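None of the figures in this text is laboratory data; all of them are computed from the coordinates on show. The model shown is predicted, which means the values in this text are computed figures rather than measured ones. Neighbour counts are summed over all protein chains in view; Cβ atoms, including those assigned to glycine, are modelled from backbone coordinates with ideal geometry.
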Amino acid sequence: MMKKLALSMMLLLGIPFNSYADMQHHHHDWSYEEGEQAPDKWGKLSPKYTVCAAGKEQSPINIDSSKAITSELPKLQFEYTKIPLQIENNGHTIQINTNHQGGKLQIGDESYELIQFHAHAPAEESVDGKRAEMVVHLVHKNAAGKLAVVGVQFEEQGDTENPFLATLWKVMPQQEGDPVKFDTQIDVKDLLPADHNYYTFAGSLTTPPCSEGVKWIVLKQAVSFSAAQLEQFKEVFHHNARPIQPLNDRKVLSSN
């Protein structure tokens, strides 16, 4: 009954059905660990997850910078607003929810609302065969329900703390549970590097149900964080990155 009610609400809100499993909390029929629920077996765990194995535009990928096609791509306009901090440990990552108050990303004529962001260590996508120590994925959705994910790479720089992460990590939930709200205001623009040049390609969710049709944007410039901040995250999630997927016939475009 509750599932039917949830699906009805999604229909009213215009949320695509293929995002439903990805948005449920405490969903533990897949894993990053070795074994029966390992990433290479996701496609066989449920009929809902078959695209994890059968899809031709799966994420993450390795970006070969020498083969990326330089194009006149639209500038990324990050029009984010300050929001109260709401953070959760959903069993797979640390996620910050915006409750539809986080502002938007404008890409040319397309407008995408920021709905949440979360972290993976190591980074999921790689550039020239190298994964950064961590990545934050900023998940956006447009009026048609299409997703655009911006990847912000994090590189460890000794003792130099990242102030934005420091605010989040101070209240990072160690155990899985419901979102926790704080009065602290955060400005997601503070997470971004100064340079917004990027790679872009067609991809998918990097977790089951691995739905395709996701616009991926990987910022070229990394931001720094400390070794201690990396270890703090890895104490909770020591490895939560999906293996690199085949590029197949896709092209990667570069903004410069």
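Points worth noting:
- As a calculated quantity, the FRET efficiency between ASP128 and ASP178 at R0 = 45 Å, using C-beta atoms, amounts to about 0.65.
- Global form of the stretch 132-223, assessed from the alpha-carbon gyration tensor, a/c cut-off 1.5: oblate
- Candidate lysines - alpha carbon under 20 Å from LYS130, same-chain residues fewer than 8 apart omitted: LYS67, LYS220, LYS234, LYS251
- Sorted peptide list for 183-189, 121-127, criterion being average Cβ within 10 angstrom, highest first: 121-127, 183-189
- Alpha-carbon centroid distance for the pair the stretch 172-222 / the stretch 54-93, whole angstrom: 6
- For the stretch 28-187: span of alpha carbons on each principal axis (Å, largest first): 44, 43, 40
- Once both labels are positioned 7 Å from their Cα atoms along Cα-to-Cβ, the gap between HIS238 and GLN185 label points is 4.1 nm.
- Computed label-point distance, nm, for sites ALA166 and ASN99 using a 7 Å Cα→Cβ extension: 2.6
- Bridge orientation summary for the stretch 97-256: considering DSSP beta bridges with both residues in this region, about 80 percent are antiparallel.
- Mean Cβ neighbour count within 10 Å, used as a protection proxy, ranking 245-256, 151-162 highest first: 151-162, 245-256
- The stretch 66-149 shape via C-alpha gyration tensor axes, a/c threshold 1.5: oblate
- Charged side chains reduced to their Cβ positions (Lys and Arg at +1, Asp and Glu at -1) give the chain a dipole of some 820 debye around its Cα centre.
- Across the stretch 154-160, rounded Karplus estimates of 3J(HN,Hα) from the backbone phi angles (6.51 cos²θ - 1.76 cosθ + 1.60, θ = phi - 60°) give 10, 10, 6, 10, x, 8, 7 Hz, Gly and Pro being marked x.
- Peptides 211-220, 60-69 ordered by average Cβ neighbours within 10 Å, highest first: 211-220, 60-69
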